[in-house]
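What follows is a single structure, written as structure tokens, with notes after it.
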Amino acid sequence: MNRTVSNPEKLTAIQEGILEAADRPLAEAIALPAEAYTDADFYDWELEHIFKKQWLCLGHISQIPNIGDYINLDLLGERLVISRDQENQINVLSRVCMHRGMDLMPDAFGHSQHGNRRSFICPYHHWTYALDGTLMGAPEMDNNVGFEPQKCRLPAFRSEVWEGFILLTFDPELESVTTLYSGLLPFVGHRQMARMEMVANVQWDCQFNWKILVENFMEPYHHMGAHHKTFEPLMPAAGTWTESETAHSITCHLPLAKRIVEDTAAYQKLIEFYLSPELKPEDRQEYAVYLGEPTFLLFIGPDRVYWYRLQPDGPDHMTLNTTLLVLPESKQAENYEQCLKDATESLQRFHLEDMEVCTAVQAGLHTSRYQSGPLSHLEMPIWLFQRYLAKRIRAACPSSFSP
Ligand code: FES
Ligand SMILES: [Fe+2]
């Protein structure tokens, strides 16, 4: 990171292209310049001015319900462990030993990405850390007069829990998640997401830029193409609509087809998990997609929440986890196991459709003749996302661009 910009003129041209797209009215909206998805300098710029300056969602509290539970996660060059300590507090710690820099739980040593432990023991020289990162023991260190165990704790990253989700920021000055994502609360605040449990988690190796995934996730226009067999009959693209612009978040409604809402048997077929009595009438009749900028993606239906975790690691690559969360009452249903199996298969099926188009789009953006095409009004979330990117560019380079 912080590598020298190899082509400053090209970087500026990409940023100006984004501003030009974002400043158009919706009726004249166009896609971003292809280089915004392929250029290494612009990706490095995003690391510094987007990912290092915003909140990034790491997990859900139901993944570490018990004291000693942990998840390992590599993100933007950091090796993290998210742990629940003896005080029942959640910590987001560096997983790198404060002795000589060993990863405390390297994959190559057979460590799984999650589990339960009383402490973290470095495999190299057996320094031992408590679940909150305190150094508890370091053998044969008494002769080093400068050794102060309290100074050797695992560094903690700034984190917050919002509606059951664990988020991290590298920016000590950033406003709290609660403030920044307040625009989402009227839609999701009553969903009891903090009570939900993650019941499916599928990992994908993605050969495309992170923004392709965000845009694909947020725009329902592609139901009529990529999902014409899966989503289009349930949530027809033409009936979808997007809330007007709010700071830090985007909301797009995907109403269920009239024939499903009006047919009890068809509607029941769609509901596989527990329906909360807290739901508002409109919640029962739609799915909706939400973005907490830049990458906190939620896809919420009457009986479920899908949350996607993004780990970008280059302009052309990221790792993605697609997860499913439901209320715990769902498990009491006799047919719960079958419902979960069906829902997990459905998640894989529709996401495979998204994987195919996203991968093909990335390939297309590398070709020579493509130029930013016009957007449909059904792609309003993409236009709003462009306006978010433009704000980040203007905040980072206030004097370089005219307002
Ligand atoms: S590097 Fe961890 S104990 Fe030496
Ligand atoms: Fe999709």
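The values are calculated or read from the model by the stated rules, or taken from the named source; none is laboratory data. The model shown is predicted, which means the values in this text are computed figures rather than measured ones. Virtual Cβ from ideal backbone geometry, glycine too; neighbours counted across all protein chains shown.
In table form, for the structure just shown:
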| item | result |
| --- | --- |
| Entirely in segment 138-236, the strands (runs of 3 or more DSSP E) that have 2 or more residues that are within 16 Å of ligand 2 (Cβ to nearest atom) | 197-206 |
| Subset of segment 304-348 that is under 22 Å from Ala288 (Cβ atoms) and among the hydroxyl-bearing types (Ser, Thr, Tyr) - its residue that is farthest from ligand 1 (Cβ to nearest atom) | Ser346 |
| Filter pass, Ala130 being more than 16 Å from ligand 2 (Cβ to nearest atom), over 18 Å from the mean Cα position of the chain (by Cα), within 25 Å of Tyr70 (Cβ to Cβ) and modelled with pLDDT under 95 | no |
| Residue check for Glu245: surrounded by 15 or more Cβ atoms within 10 Å (Cβ to Cβ), acidic (Asp, Glu), at pLDDT 95 or above and on the phi < 0 side of the Ramachandran plot | no |
| Ala108 being over 27 Å from Phe165 (Cα atoms) and away from ligand 1 (no atom under 16 Å from the Cβ) | no |
| Within segment 344-371, tally of residues that are within 16 Å of ligand 2 (Cβ to nearest atom) and touching a residue at least 40 places away in the same chain (Cβ under 8 Å) | 15 |
| Residue count for segment 237-276, restricted to those that are in contact with an Asp or Glu (Cβ under 7 Å, 6 or more places away or on another chain) and in a loop (DSSP other than H, G, I, E, B) | 7 |
| Identity of the residue in segment 95-114, touching a strand residue (DSSP E or B) at 6+ places or on another chain (Cβ under 6 Å) and among the charged types (D, E, K, R), that ends up surrounded by the most Cβ atoms within 10 Å (Cβ to Cβ) | Arg95 |
| Top-ranked residue of segment 115-164 - restricted to ones that are among the small types (Gly, Ala, Ser) and more than 12 Å from ligand 1 (Cβ to nearest atom), ranked as surrounded by the fewest Cβ atoms within 10 Å (Cβ to Cβ) | Gly146 |
| Flag for Gly17 being over 22 Å from Asn216 (Cβ atoms), touching a residue at least 60 places away in the same chain (Cβ under 8 Å) and more than 19 Å from the chain's Cα centre (by Cα) | no |
| Subset of segment 60-94 (residues that are surrounded by 21 or more Cβ atoms within 10 Å (Cβ to Cβ) and of a type in the set (Gly, Ala, Ser)) | Ser83 |
| Which listed residue is closer than 25 Å to Glu9 by Cβ and away from ligand 1 (no atom under 16 Å from the Cβ), from His377, His351, His366 | His366 |
| Residues within segment 372-403 that are under 25 Å from His253 (Cβ atoms) and part of a helix (DSSP H, G or I), tallied | 15 |
